[in-house]
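Since the structure comes first, as structure tokens, the remarks are kept for the end.
Read-outs: derived from the displayed coordinates by stated rules, not from any lab. On a predicted model such as this, the values are computed, not experimentally measured, just so you know. Note: ideal-geometry Cβ built from the backbone for every residue, glycine included; neighbour counts use all protein chains shown.
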Amino acid sequence: MFDYIINVSGYILEGSLITFQLYLVTAIFSVILGIAGALGKISKIPLLESILSFYTWVFRGTPLLLQLFFAYYGLPVLGITLEPFPAAALTFIVNYGAYFTEIFRGGIESINEGQYEAAKVLGMNYRQTMSRIIIPQTVKRILPATSNEAINLVKDSALVAVIGLGDLLRAAKVAVTRDFSIIPFIIAAVFYLVISSVIVTVFRKLEEKYSVYE
Amino acid sequence: MIKANDIYKSFGELEVLSGVSFEVEQGEAISIIGPSGSGKSTLLRSLIGLEEINSGELYIEGISVRESGKKTYEKMGMVFQGFNLFPHKTVMGNLIEAPMVVKGIKKSAARAKAAALLKKVGLSDKKDSFPAQLSGGQKQRVAIARALAMEPDIMLFDEPTSSLDPELVGEVLTVIRDLAEENITMLIVTHEMGFARDVSDRVFFMDHGQIISDTVPEKIFVNPESERIQNFLTKILSQN
């Protein structure tokens with residue numbers, strides 16, 4: 001029994017490698033996309049704002065699963081064929097980028113106008129004001145919402161099993177079918193809980209760090 | 001030092017400055033008084049470029065604001081009613097930020113300068129505090145020190161004591177008084193009539209977007225010429 005658990009855990013751990021890779025790639029690029037999107041949304045350039053509003057409307061308003069199907073099964077119809085991992089990564093980055101765009105935009109807009117004025121009368125330009133005064137304050141305010149998304153991403157990553165990626169959940173499911181045992185699912189659940197807990201802890205530490213002011 | 005020539009400024013339909021002209025000499029302390037909505041704050045904000053004027057000419061040290069853009073603002077520092085300190089930075093961080101980032105001054109030099117300024121406003125022991133840990137009066141004194149750290153020729157004060165509890169007003173006014181004695185050119189929008197009377201070389205009385213009186217304090221406070229000024233002073237003094 002014990003040997004079986006160790007064995008299956010190893011097998012599921014191999015599958016979770018894909019999950020981790022997807023998580024990392026998505027986390028990095030969707031945050032970058034979100035910052036760019038948020039700055040674009042507050043840029044007061046009408047065309048850019050319209051495009052970004054359309055983007056967030058589509059990607060927040062349709063199921064992630066549909067977007068995943070679209071990238072993997074739909075794009076080939078248009079002549080663009082992607083391997084499962086790139087298709088999944090692209091979908092996740094664009095989808096989470098849309099959420100982060102809205103979260104970051106809200107955070108930036110919550111900063112008092114007086115902060116911009118103080119920076120301006122001290123001679124700071126737009127780039128200095130954003131990077132040194134506005135965005136550092138925004139980080140603190142968006143941490144709770146970002147933490148939620150970070151946990152959602154752990155769970156959403158399981159969706160990639162539907163396009164044949166051998167992730168954590170798929171490995172568990174294969175083991176369940178092969179061994180006719182419920183244990184792999186339980187192990188998978190424990191894996192997800194551990195990952196989520198680590199992320200929650202990291203964000204709690206960050207929130208503590210930022211709580212020194214205000 | 002400052003020359004304003006027939007300045008107009010509207011927010012949409014609302015005309016806030018309706019032909020304002022004045023001159024300020026080097027080292028003068030000017031108080032700007034008048035009823036709410038008379039354009040006092042907008043006038044200060046226009047000087048430092050937080051508002052763009054619709055017409056008229058503004059010269060700072062002989063340079064046209066319209067033509068030179070940013071250059072003239074660098075000669076001015078501003079203190080706001082709401083302090084607007086950077087909450088994520090310590091008191092020291094607030095003071096060294098702009099000198100380092102904007103002027104490229106080395107950190108050690110910026111800290112030394114900041115320490116001297118904090119001593120001047122009596123807050124040396126607060127250098128590692130965050131703004132949220134300070135009282136309103138302390139915050140405003142930090143804000144004054146932060147503006148001074150950029151070594152401006154002209155200081156603008158936009159109702160610096162209006163959001164303070166009455167018992168904290170004095171400590172801020174003392175700091176501004178000290179500056180007046182150092183002959184820094186200052187424009188102060190204020191509702192503190194006693195302070196305006198003591199500290200200023202001249203007082204501008206504004207109403208409906210115009211300076212309707214520009215004279216020495218005695219003239220306004222002891223012997224006001226116009227009925228509008230008399231009414232205003234009666235109202236203000238009865239509130240205090």
### Query
When you go through (1) surrounded by 19 or more Cβ atoms within 10 Å (Cβ to Cβ); (2) hydrophobic (A, V, I, L, M, F, W, C); (3) under 14 Å from A:LEU159 (Cα atoms) one by one for A:LEU64, which number turns out not to apply?
(1)
### Task
Go through the residues of segment B:63-76 one by one and say whether even a single one is under 23 Å from A:GLY114 (Cβ atoms), surrounded by fewer than 23 Cβ atoms within 10 Å (Cβ to Cβ), facing chain A (nearest Cβ under 10 Å) and more than 16 Å from the chain's Cα centre (by Cα).
yes
#### Entry: Residue match in segment B:28-42 (condition: part of a loop (DSSP other than H, G, I, E, B), within 14 Å of chain A (Cβ to nearest Cβ) and touching a residue at least 40 places away in the same chain (Cβ under 8 Å))
no
### Query
Within segment B:133-140, is there a residue that is away from chain A (no Cβ under 11 Å) and under 14 Å from the mean Cα position of the chain (by Cα)?
yes
### Task
Can you work out which of the residues in segment B:182-200 that are closer than 29 Å to B:GLU15 by Cβ and not polar (S, T, N, Q) is surrounded by the most Cβ atoms within 10 Å (Cβ to Cβ)?
B:ILE188
### Query
Based on what the data block shows, is A:LYS140 surrounded by fewer than 18 Cβ atoms within 10 Å (Cβ to Cβ) and basic (Lys, Arg)?
no
### Residue among B:ALA147, B:ALA114, B:ALA132, B:ALA143 that alone is under 24 Å from A:SER211 (Cα atoms), crowded, with 22+ Cβ neighbours inside 10 Å, touching a residue at least 24 places away in the same chain (Cβ under 8 Å) and not polar (S, T, N, Q)
B:ALA143
### Task
Determine, yes or no, whether A:PHE59 is in a helix (DSSP H, G or I), without any contact (Cβ under 8 Å) to a residue 60 or more places away in the chain, more than 14 Å from chain B (Cβ to nearest Cβ) and more than 30 Å from B:ILE48 (Cα to Cα).
yes
